[in-house]
Amino acid sequence: MERIQLKHPAGKKAVTMDPAKCDVLKKSLLNHLKSKGESTHKEILQAINSDFKKNKTKFEGSVEWHMEWVKLDLEAKKEIKRVTDSSPIRFDIK
């Protein structure tokens, strides 16, 4: 099974993931941020879960665990940014 190496914004060792899983999460996460703007981790997770439910997307494993890695990867690739002047931390499109 093919895997892709994800990146970590702090340069730490990141996980490898099934490209299809990574892709479906990335699309859903970016679509949410494009339509809603700044969002917390919890809001992004809720949006992805309802997106998957609405589109009957089958996903094996923990959506939250995989989403966290995809989020870190997007941050490392400068596609999204962390808005640190708020609590809890929010994320937005770069």
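What follows is calculated from the coordinates using simple rules that are stated; it is not laboratory data. Everything numeric in this text was worked out from a predicted model, so none of it was measured.
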- Could you work out the per residue convex hull volume over the alpha carbons of the chain, in cubic angstrom? 94 Å³
- Which whole-Hz ³J(HN,Hα) couplings does the range 16-31 yield from phi under the Karplus relation 6.51 cos²θ - 1.76 cosθ + 1.60, θ = phi - 60°, glycine and proline marked x? 9, 9, 4, x, 5, 5, 4, 4, 5, 5, 4, 4, 5, 5, 5, 4
- What's the extension gain from Glu38 to Lys58 if we count 0.36 nm per residue and subtract their Cα-Cα distance? 4.5 nm
- Query: In terms of modelled amide H atoms, which long-range or inter-chain residues lie less than 5 Å from the amide H of Ile80?
  - Reply: Glu75, Lys94
- Task: Using the Karplus curve 6.51 cos²θ - 1.76 cosθ + 1.60 with θ = phi - 60°, work out ³J(HN,Hα) for each residue of the range 48-59 in order, rounded to whole Hz, and write x for Gly and Pro.
- Result: 5, 4, 6, 4, 4, 5, 4, 8, 6, 6, 7, 9
- Query: Given H placed on each backbone N at 1.01 Å, which residues far from Val15 in sequence or on other chains put an amide H within less than 5 Å of it?
  - Reply: Leu6
- For the chain, calculated [θ]222 nm from helices alone, where every DSSP H run of n ≥ 4 adds -39500 (n - 2.57): -16000 deg cm²/dmol
- Task: Per residue of the range 77-94, in order, report the coupling 6.51 cos²θ - 1.76 cosθ + 1.60 (Karplus, θ = phi - 60°) as ³J(HN,Hα) in whole Hz, putting x for Gly and Pro.
- Result: 8, 6, 8, 10, 10, 8, 9, 8, 7, 10, 10, x, 4, 10, 10, 8, 5, 6
